[in-house]
1. Have a look at Arg146, Arg142, Arg102 and point out the one that is exposed (fewer than 15 other Cβ atoms within 10 Å of the Cβ), out of contact with any strand residue (DSSP E or B) (no Cβ under 6 Å at 6 or more places or on another chain), charged (D, E, K, R) and closer than 26 Å to Ser31 by Cα.
2. Tell me which residues, restricted to region 18-42, are of a type in the set (A, V, I, L, M), farther than 24 Å from Arg145 by Cβ and surrounded by fewer than 21 Cβ atoms within 10 Å (Cβ to Cβ).
3. It is to be established whether one or more residues within region 74-87 are among the hydroxyl-bearing types (Ser, Thr, Tyr) and surrounded by 14 or more Cβ atoms within 10 Å (Cβ to Cβ).
4. Among the residues of region 6-17, is there at least one that is closer than 17 Å to Pro151 by Cα and of a type in the set (Phe, Trp, Tyr)?
5. Considering every residue within region 88-96, establish whether at least one is surrounded by fewer than 17 Cβ atoms within 10 Å (Cβ to Cβ) and either assigned by TED's automatic domain parsing to the domain that holds His143 or not β-branched (Val, Ile, Thr) (or both).
6. Here is a list of conditions, (1) more than 21 Å from Ala10 (Cβ to Cβ); (2) in the same structural domain as Ala13 (by TED's automatic domain parsing), and Val139 meets all of them except one; can you say which number that is?
7. Which helices (runs of 4 or more DSSP H) sit wholly inside region 87-172 and have at least 2 residues that are among the hydrophobic types (A, V, I, L, M, F, W, C), at pLDDT below 85 and closer than 20 Å to Gln21 by Cα?
8. What are the residues in region 107-129 that are free of Cβ contacts under 8 Å to residues at least 12 places away in the same chain and not hydrophobic (A, V, I, L, M, F, W, C), if any?
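The values are calculated or read from the model by the stated rules, or taken from the named source; none is laboratory data. Note that the structure is predicted; figures quoted are calculated from it, not measured. Cβ: placed from backbone, ideal geometry, glycine included. Neighbour counts: every protein chain shown.
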Amino acid sequence: MKLSKKGEYALRALLDLAMPQSLGRALVPLSALAEAQQMPATFLEQILTELRKGGILASTRGKYGGYSLARPASEIHIGEIVRQIDGPLAPIGCASVTAYERCSCPDEKHCGIRLIMMEVRNAVFNVLDRYTLAELAKVTLRHFRRDGLRPTVFELISHSEPHTRNKTAAAA
């Protein structure tokens with residue numbers, strides 16, 4: 001399994017949605033997400049649309065619109081995100097649970113390569129499905145606070161809020 005640039009962008013954008021959500025700010029404009037992570041907005045929008053169709057994100061149109069998590073960050077596992085964007089976690093098709101493909105090996109049941117690749121799949125699965133977006137946000141925020149910093153996305157969304165600012169997010 002190799003995380004693609006698209007998968008990396010998805011995780012970074014979702015982290016930038018989960019951190020403000022933990023402070024009461026659920027909606028983040030596309031422009032703030034793209035600027036905070038220095039990503040091309042058009043490519044990011046394609047990724048976010050895919051995540052919205054997959055039930056991970058919700059979107060709101062309008063002047064103060066943007067993206068938000070469709071469910072609590074504590075219910076979104078990193079493995080779910082990676083699978084949605086980059087496909088199965090198994091390094092080869094015959095070791096995949098969700099996208100099994102018969103390989104060219106004449107005796108798949110006894111194939112040592114397949115057995116090892118199944119172990120690789122299980123190790124990746126055990127890590128990525130153990131952690132949620134909420135845990136990723138918590139660890140990231142803890143490191144920012146330790147260093148006396150705020151995530152860039154916080155600065156960007158505080159400037160894009162309507163005049164009835166969310167005091168919780170502004171105090172972060």
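1. Being exposed (fewer than 15 other Cβ atoms within 10 Å of the Cβ), out of contact with any strand residue (DSSP E or B) (no Cβ under 6 Å at 6 or more places or on another chain), charged (D, E, K, R) and closer than 26 Å to Ser31 by Cα holds for just one of Arg146, Arg142, Arg102, which is Arg142.
2. Answer for region 18-42, where residues must be of a type in the set (A, V, I, L, M), farther than 24 Å from Arg145 by Cβ and surrounded by fewer than 21 Cβ atoms within 10 Å (Cβ to Cβ): Leu30, Met39, Ala41.
3. yes
4. The answer is yes, given that some residue of region 6-17 is closer than 17 Å to Pro151 by Cα and of a type in the set (Phe, Trp, Tyr).
5. yes
6. (1)
7. 167-171
8. Matches in region 107-129: Asp107, Lys109, His110, Gly112, Glu119, Asn122, Asn126.
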